[in-house]
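Since the structure comes first, as structure tokens, the remarks are kept for the end.
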Amino acid sequence: MPSDLKKFINPKFLRTIDLGLLAQLFARHGGQEEAPVSFDGGAEAVRQAATAYFTAPVTEWSEGLIADLHRVADLGTGEGLQLILNEARRQGVVLFSEGCDAAEDAPAHQDAKHVALHTYLNHHSVFEAAADFQALRAPNAMAEFRGPERGVSADLTDANLTAFKTALVDLLAEDLHGEYCRLGPYQEEDEINLVVSHGAPVTTTPIVSGDREEIITLRAVKYAALRYVPTEGLLRIGGVARGRQADVADLFAEHIIGRPAFFSGSDARDLYTLEPVSRTGSTFAFNHAHDDRIAQVRIVAAAADLYERDDETGEVRLVRSWVSKDGSGAALRHFAGSEVRFGQAWRLGEMTFRVTFRTGATRPAQVTVRLKPPGTLAFRRTRFEKAIHDLIARNGLEKTHDAALAVDAAE
């Protein structure tokens, strides 16, 4: 963590940052007998004092300042800048009221780091929402839970959100995450998004200060993302420890949906299958004719698992795995000349495929997807997320649990 902050608060940043913003940042963490940096002198003297402060070991920084800088650094990137600008437009907020100097072609205050700090200090609601949307994009693999019914709506009233938050804080406290918790609810087309920002377990970090080593304790802010599709009765959870995912799903079902144990069925996590691939064998290929944006789908990795029954215990156990990788898309075809014979003792355990999308740009977009039944679907959440799910469903790799779902998949 400290090294990341040192990269963020680098000499270039300190030479160009608006000193008014720096003063605001330090003012948030006043209460000390003597301010660590005086902003009464000339600009050069202030910058030298700030540089001296941030050059010192992180152990000597204000703990509150460290927490603020971690949050700003998370959005102080090119991608973070776009999220901030999008959210400012959505909220109708003008980030900078002053116009640009015609003689200044590239104002320093429009740098991503500077915009992130300015927004954090002066437009906090924009910053929080941008951080939430970053959290929604972040998880590559989201745990998925499907309820036994479709069309079960969520009710994001203040009372329900408060009850969910209270229960969640109790759950997080059991895992030493502290009591800080904030909920950000968002509606996006037919999906309900709920971002939970919360404390992480305290971490201790050794820092060398002069000729001795000191220990600092930090509690970072972490994000969990919950995405619920009422029409499918499907909840996706990211940023939550595996052992707590089912607990969070139960809390969501109880307080937001009003249906306790909605995601507790025996098949709630039984969502994906590779049976169609196993039946076809090494010649399987994705059919993507339904989507003109998809240029090709290459199967770049596959794992075949050999299972045998133990004569003594009668249990079926994994004996060994045969992994095939081929960036050209021929990973499955390599099984044709091997010992692997699907449908007998061999099972296809997981598969990785790369989807190439036409975007109109010189370089097409690619999304790499790892599918491991019964419940793992891992890929970077992008604008093509729905297209990936549609591709999987249309090729029979998504399980259906009721007649209505089966009809839709067939259509």
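The values are calculated or read from the model by the stated rules, or taken from the named source; none is laboratory data. Since we're looking at a predicted model, the values are computed, not measured. With ideal geometry, Cβ positions are generated from the backbone for all residues, glycine too; neighbour counts draw on all protein chains shown. Heavy atoms of the whole protein, side chains included, go into the accessibility calculation; ligands, DNA and RNA do not. Shrake-Rupley method; radii C 1.70, N 1.55, O 1.52, S 1.80 Å.
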Residue 307 meets each of (1) open to solvent by 50 Å² or more (accessible area, probe 1.4 Å); (2) of a type in the set (Phe, Trp, Tyr); (3) closer than 30 Å to residue 134 by Cβ with one exception, condition (3)
Criterion violated by residue 313 - all others in (1) among the polar types (S, T, N, Q); (2) surrounded by 16 or more Cβ atoms within 10 Å (Cβ to Cβ); (3) assigned to a loop (DSSP other than H, G, I, E, B) satisfied: (2)
For residues that are outside any helix (DSSP H, G or I) and at pLDDT 85 or above, scanning just region 1-33, find the one that is most open to solvent (accessible area, probe 1.4 Å). 18
Quick test for you: out of 316, 297, 355, pick the one residue that is without any contact (Cβ under 8 Å) to a residue 40 or more places away in the chain, in contact with a strand residue (DSSP E or B) (Cβ under 6 Å, 6 or more places away or on another chain) and either more than 28 Å from residue 147 (Cα to Cα) or among the charged types (D, E, K, R) (or both). 316
Going through 391, 371 one at a time, which residue ends up being under 27 Å from residue 318 (Cβ atoms) and either in contact (Cβ under 8 Å) with a residue 24 or more places away in the chain or in contact with a Ser or Thr (Cβ under 8 Å, 6 or more places away or on another chain) (or both)? 371
Looking at region 140-177, which of its residues are open to solvent by less than 20 Å² (accessible area, probe 1.4 Å) and out of contact with any Cys (no Cβ under 9 Å at 6 or more places or on another chain)? 142, 143, 144, 145, 146, 147, 152, 164
Looking at 223, 307 in this structure, which one is in contact with a Gly (Cβ under 7 Å, 6 or more places away or on another chain), at pLDDT below 95 and among the aromatic types (Phe, Trp, Tyr)? 223
Sole residue being modelled with pLDDT of 90 or more and not in a helix (DSSP H, G or I), chosen from 139, 148: 148
For region 172-191, which positions are assigned to a helix (DSSP H, G or I) and either free of Cβ contacts under 8 Å to residues at least 24 places away in the same chain or touching a Leu at 6+ places or on another chain (Cβ under 7 Å) (or both)? 173, 174
Within region 337-374, work out how many residues are modelled with pLDDT of 90 or more and either in a strand (DSSP E or B) or surrounded by 19 or more Cβ atoms within 10 Å (Cβ to Cβ) (or both). 19
Options 70, 118: the member that is at pLDDT 80 or above, surrounded by 13 or more Cβ atoms within 10 Å (Cβ to Cβ) and closer than 16 Å to residue 6 by Cα: 70
Being more than 22 Å from the chain's Cα centre (by Cα) and without any contact (Cβ under 8 Å) to a residue 24 or more places away in the chain is the filter; apply it to region 250-271 and report the residue that is farthest from residue 393 (Cα to Cα). 260
Can you name the residue in region 288-302 that is in contact with a Lys or Arg (Cβ under 7 Å, 6 or more places away or on another chain) and not in a strand (DSSP E or B) and is also farthest from residue 368 (Cα to Cα) among such residues? 290
Can you go through 263, 252 and tell me which one is crowded, with 19+ Cβ neighbours inside 10 Å and assigned to a loop (DSSP other than H, G, I, E, B)? 263
Considering residues of region 34-50 that are of a type outside the set (D, E, K, R) and either at pLDDT 85 or above or open to solvent by less than 30 Å² (accessible area, probe 1.4 Å) (or both) only, the residue nearest to residue 117 (Cα to Cα): 50
